[in-house]
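Just so you know, all these numbers are worked out from the coordinates, no wet-lab data involved. Note that the coordinates shown come from a computational prediction; the quantities given were computed from them, not determined experimentally. Note that we place each Cβ from the backbone using ideal geometry, even for glycine, and neighbour counts take in every protein chain shown.
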Amino acid sequence: MTRRFALSTLSSLLLHRPSMSSAAPSAFASSGAPPVRIDAGGGAVAFLGENHDLPLVDIALAFRSGAALEANDRVGSTRLMGRMLRRGTKSMSAEKIEEALDRLGGEVSVDVSSSSINVHAQVIRRNLAPFVKLLTDILLRPTFDADELARLKREAVAELVEARDNDKGLASRFFRRAVFGAHPLGRGLSGTTKTIPLRTRAELLDAHALHLRRGNVVLGVAGDIDRAALDEHLLPLVAALPNGPALKDPSTEPTMAKGRRLVFVDKPARTQTQILIGGLGTHPLDPDHVALHVGNTAFGGTFTARLMKEVRSKRGWSYGAYARLPIDRRREAFSMWTFPAATDAAACVALELELLEAWLADGITKEELTFSRSYLSE
């Protein structure tokens, strides 16, 4: 387990249940010493996991709110806000920020989902101090420059147009609409080619002020760093965030209509099909979630799982065959994904449903359980 994976796991656990500190040590189990939980003040929580094998420090700032808080007429504003953070601050242009990151041997990425905004960063240990100073500038003092915003909106529109030729992306979009309907989890994060040009700088400033507040953040730090360095460099970043409590997700638990439904995105010229089969999955607080996660690892979670063996190895219908069981603050979607030739699509769907029913009825074998346990704990 890498430090980055450990941070992502920890962030996910804490975002969905902030009091789940007892689960945190397992997230860092392979990253060195068990993490230390720290009250960062103002409602913020920090976790430190030391591992001095490599001179690298991984940083995750997870804000407990995301695009689900957007009004219907502002869809896409939160994602635009996240993408604008690296495009200029009050003291640095976008070009200067990129130059500084390269010079420091660091990287910063911002991901926006329905329920969270996640900032991931990594830097060489000797450059931690100037890197955190730069990261603080990026997060706390973005300018949302009008020219940069106009450029980003053009890029975002172009990406949406290009996405029309991405069959997997289209299948995923319509699958989520079918599963979640009008729920925020069913709508896209990016907006549309018509709505993106309507987003304003004022909306991005509102989104920044709404989400990036002290009581709304969980900080995870892992790698070549100790408590003294955390106190000196990272906790001041958290303290510099504006005061404010954690935000509550206003959405309800999603529901799904009973019965099987078929949704087609017809592209007659294609010789390959992108197939997603699934429905509502599990919630991270369900008592059987961990057991189902282990079972799904054996069923479709790896390149050697049952689904892959039957679809790819035995029949050669699809290069990949996977089953996903993601988690979020609300119940997410379980899905099986294959991409066979159009001539094999019907048979592939029938086989997947047969395999799913057999898994639900009979579970997994002892050998599969042993492998899944080993795979997930490495």
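Fully extending the segment from Arg227 to His283, taken as 0.36 nm per residue of separation minus the present Cα-Cα distance, adds 16.8 nm.
Applying 1/(1 + (r/R0)^6) with R0 = 56 Å to the Cβ-Cβ distance of Val290 and Asp73 gives a FRET efficiency near 0.90. Ranking Gly43, Thr302, Ser377 by Cα position along the charge dipole of the chain, where only Lys, Arg, Asp and Glu carry charges on their C-beta atoms, puts Gly43 farthest toward the positive end. In the chain, inverting the average of 1/r over every pair of distinct C-alpha atoms gives 22.5 Å as the Kirkwood radius.
Hey, what number do you get for the chain at 222 nm if only DSSP H runs of n ≥ 4 count, each worth -39500 (n - 2.57), divided across all residues, to the nearest 500? Dividing the helical sum by the residues of the chain leaves -11500 deg cm²/dmol. When peptides 119-125, 162-168 are ranked by their average number of other Cβ atoms within 10 Å per residue, the highest-first order is 119-125, 162-168. The phi-based Karplus calculation (6.51 cos²θ - 1.76 cosθ + 1.60; θ = phi - 60°) puts the 3J(HN,Hα) values of region 116-129 at 7, 10, 10, 10, 10, 9, 9, 8, 5, 4, 5, 9, 4, 4 Hz, whole numbers, x for Gly and Pro.
Could you work out how far the C-alpha centroid of region 86-101 sits from that of region 311-355, in angstrom? Rounded to whole Å, the Cα centres lie 43 Å apart. In percent, rounded to a whole number, the relative contact order of the chain is 19, using alpha-carbon pairs under 8 Å and six or more apart.
Once you've got the GNM for the chain with C-alpha springs shorter than 10 Å, pick whichever of Ala305, Ala202, Ala323 has the biggest mean-square fluctuation. Fluctuation is largest for Ala202. Sequence-ordered 3J(HN,Hα) estimates for region 34-48 from the Karplus curve with 6.51, -1.76 and 1.60 and θ = phi - 60° stand at x, x, 9, 8, 10, 7, 8, x, x, x, 7, 10, 10, 10, 10 Hz, glycine and proline given as x. Across region 207-276, the convex hull enclosing all Cα atoms gives 250 Å³ per residue.
The peptide list 277-285, 92-100, put in order of mean Cβ contacts within 10 Å with the highest first, becomes 277-285, 92-100.
Distance from the Cα centroid of region 281-303 to that of region 218-274 is 19 Å (rounded to whole angstrom). For Glu332, the residues 5 or more places off, or on other chains, whose built amide H falls under 5 Å of its own are Gly281, Thr282.
Rounded to whole numbers, the Karplus 3J(HN,Hα) couplings from phi for region 305-314 are 6, 4, 4, 5, 4, 6, 7, 8, 5, 7 Hz, using 6.51 cos²θ - 1.76 cosθ + 1.60 with θ = phi - 60°, and x at Gly and Pro.
Residues whose amide H comes within less than 5 Å of that of Gly88, counting only those at least five positions distant or on another chain, are Ala94 (H built at 1.01 Å from N in the peptide plane).
Full extension of the segment from Ser251 to Glu159, taken as 0.36 nm per residue of separation minus the current Cα-Cα distance, would add 30.3 nm.
GNM remark for the chain: springs join alpha carbons under 10 Å apart, and the peak mean-square fluctuation among Arg261, Arg324, Arg126 falls on Arg261. Working from Cα pairs under 8 Å separated by at least six residues, relative contact order for region 111-262 is 29 percent. Both the radius of gyration and Dmax for region 275-377 are 13.5, 41 Å, in that order, over alpha-carbon atoms.
The label point for Leu376 and the one for Glu98, both projected 7 Å from the Cα toward the Cβ, are 4.1 nm apart. Pick from Asp288, Asp344, Asp266 the residue whose mean-square fluctuation is largest in a GNM of the chain, springs joining Cα atoms under 10 Å. Highest fluctuation of the listed residues: Asp266.
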